Amino acid sequence: IDQLQLLEVSHSPTATVVADQYGRAIIANELAAPVSATDQSGRNLLSAVARNDGAASKATQQRLNSIAADNLRDHIDLEFDVEPGTDDVALYLRLRNSLLNTVLFYDVMLAEQGFGALDWLGRDVNQLLNTLNVGLWYRANMGLEILVWDGEAYQSAGHLADQGPIAWSERAILLPAVGDSKTLRVRLSYVADNWRIDQVALASGAQLVESRQVNVARANAEDGALPDVPAFLAAADEQYLITRPGESISVYFDVGQADAGMARTYLLASSGYYIEWMRPEWLRAEAAAAFVANDDALLRAIRLYAERRDGYRELFETNRVMMQ
């Protein structure tokens, strides 16, 4: 872990603060539910995405079973009531990934290479061209594309990277100014079943807001053996705090007292990376061809995921790792 900070935003008790797709703080006054939400087949998803209740949207099993190379993507079309000329709105999202991207990484990108995954992780993927090719392919296919109807066509308004399958993530994407229409149409486009979207809303009075950076003040661990954690985490300087499986570290921030009549929201900002560990079954298999980033790899992942979607989630909730 290279850096860990709290970003503190002081605001009125009625306001909402969430991070945008870049990690910047956005403040908004009200959240309005969509008046309609339908997927690419016309299925009504309004009850699934209108409120924070855990009843998130997901593809039907029939849809997953029909996946082919020419229809890898799904979308949700949303409509919101707006005042014409509004220029301070953002799309609020509460969501997390399904386990599709996890299956793509572990079962297709790594497991299919067998013993060769060791070389791919340790050598090939660290070469600049390979890193660029895989990164651009992943960015183009995964994540969530947000588009807004301009009267003639849907135009891109932002891209949200994958957020992971464990915790629900709250994000807000600033949208372009509304035209003369009283209806704002937004489309969410993504690889089939890659997301669990629990709530979508239109945030009014939305704007970027400055935040106060609060560094780690102190830390402790169960075994008591710690380096100078606050110094390691204070800046993105490649001086890493290294943790290992099973270790637990508690960090503390001194935030002081809130101003009278004001509320505070904290966003946790971090930078760093993790080293993937090799599964025994990968090392026992003979080395196969190196991973190729293309639609065929994505199709294999979706089909494998479709076979055991519910079983994967149950396994993941139990172990927090994906294993064959």
Q. Under 19 Å from the 7 Å Cα→Cβ point of residue 168, by amide nitrogen: which residues of the range 175-196?
A. 194-196
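Over its Cα atoms, what ratio of radius of gyration to 2.2 N^0.38 Å does the range 139-178 give?
Working: Rg = 12.2 Å, N = 40, 2.2 N^0.38 = 8.9 Å.
Relative to the rule-of-thumb radius for its length, the range 139-178 sits at 1.37.
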Q: Would you mind working out the magnitude of the charge dipole of the chain relative to its Cα centre, with +1 at each Lys and Arg C-beta and -1 at each Asp and Glu C-beta, to the nearest 20 Debye?
A: 580
Q) Rg to Rh ratio, the range 167-256, alpha-carbon atoms and Kirkwood radius? A) 1.13
**Q.** Long-range HN-HN contacts of residue 51 with modeled amide H, under 5 Å
**A.** 200
Q.
Which order do the peptides 155-164, 201-210 come out in when sorted by mean C-beta neighbours inside 10 angstrom, highest first?
A. 201-210, 155-164
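Residue 228 to residue 294: FRET efficiency via 1/(1 + (r/R0)^6), r the Cβ-Cβ distance, R0 51 Å, to the nearest 0.05?
Numbers: r = 46 Å, r/R0 = 0.90.
Given R0 = 51 Å and the Cβ-Cβ separation, E is 0.65.
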Q: Please report Rg over Rh for the range 196-324, where both radii come from the alpha carbon positions and Rh follows the Kirkwood definition.
A: 1.06
Q) In nm, what is the difference between 0.36 nm times the number of residues separating residue 115 and residue 60 and their Cα-Cα distance? A) 16.3 nm
**Q.** Hydrodynamic radius (Kirkwood) for the range 94-169, which is based on Cα pairs only, to one decimal in Å
**A.** 14.6
**Q.** Entry for Cα extents along the principal axes in Å (calculated from the structure that is shown) out of [x] 89, 50, 38; [y] 73, 54, 39; [z] 62, 53, 37
**A.** [z]
Q) Across 10 Å bins from 0, what is the distribution of all Cα-Cα pair distances for the range 259-310, in whole percents? A) 14, 21, 30, 15, 10, 8, 1
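How large is the dipole of the range 251-324 about the Cα centre if only Lys and Arg carry +1 and Asp and Glu carry -1, each at its Cβ, rounded to the nearest 20 debye? Mind showing how you got there, number by number?
Working: 9 positive and 11 negative charges, 28 e Å.
Dipole magnitude for the range 251-324 comes out near 140 debye.
Can you tell me the relative contact order of the chain? Whole percent, Cα pairs under 8 Å, sequence separation 6 or more. Walk me through the intermediate numbers first.
Working: 643 pairs, mean separation 116.5, N = 324.
Averaging sequence separation for qualifying contacts and normalising by length gives 36 percent for the chain.
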**Q.** Approximate spin-label separation residue 283-residue 132, in nm, with each point projected 7 Å along Cα-to-Cβ
**A.** 3.4
Q | Charge context of residue 151, other residues only, Cβ under 12 angstrom, K/R +1, D/E -1 | A | -2
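Pulled fully out, how much extra length does the chain show between residue 22 and residue 44, if you take 0.36 nm times their separation in residues and subtract their Cα-Cα distance? Mind showing how you got there, number by number?
Numbers: separation 22, 0.36 × 22 = 7.92 nm, distance 3.06 nm.
Separation in residues times 0.36 nm, less the Cα-Cα distance, equals 4.9 nm.
Just to be sure I understand: if I project the alpha-carbon convex hull of the range 23-112 onto a plane and average over all orientations, what area do I get in nm²?
Projected over every direction and averaged, the Cα hull of the range 23-112 covers 8.9 nm².
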Q: Using label points projected 7 Å from each Cα along Cα→Cβ, tell me how many nm separate residue 2 and residue 273, to one decimal.
A: 0.9
Q. Expressed as a whole number of Å, what is the distance separating the alpha-carbon centroids of the range 126-198 and the range 233-260?
A. 30
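Relative to the Cα centre, what is the charge dipole magnitude of the range 1-86, using +1 at the beta carbon of each Lys and Arg, -1 at the beta carbon of each Asp and Glu, and rounding to the nearest 20 debye? Provide the component values of the computation, followed by the final result.
Details: 6 positive and 12 negative charges, 67 e Å.
Charge dipole, the range 1-86, about its Cα centre: 320 debye, nearest 20.
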Q.
Which log10 I(q)/I(0) values does the range 43-177 give at q = 0.12 Å⁻¹ under the Debye formula, counting every alpha carbon as one identical point scatterer?
A. -0.66
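Every number here is computed from the coordinates shown, using simple stated rules; none is lab data. Fair warning: this is a prediction, and the values are worked out from it, not measured in the lab. Positions of Cβ are backbone-derived with ideal geometry, glycine not excepted, and every protein chain shown enters the neighbour counts.
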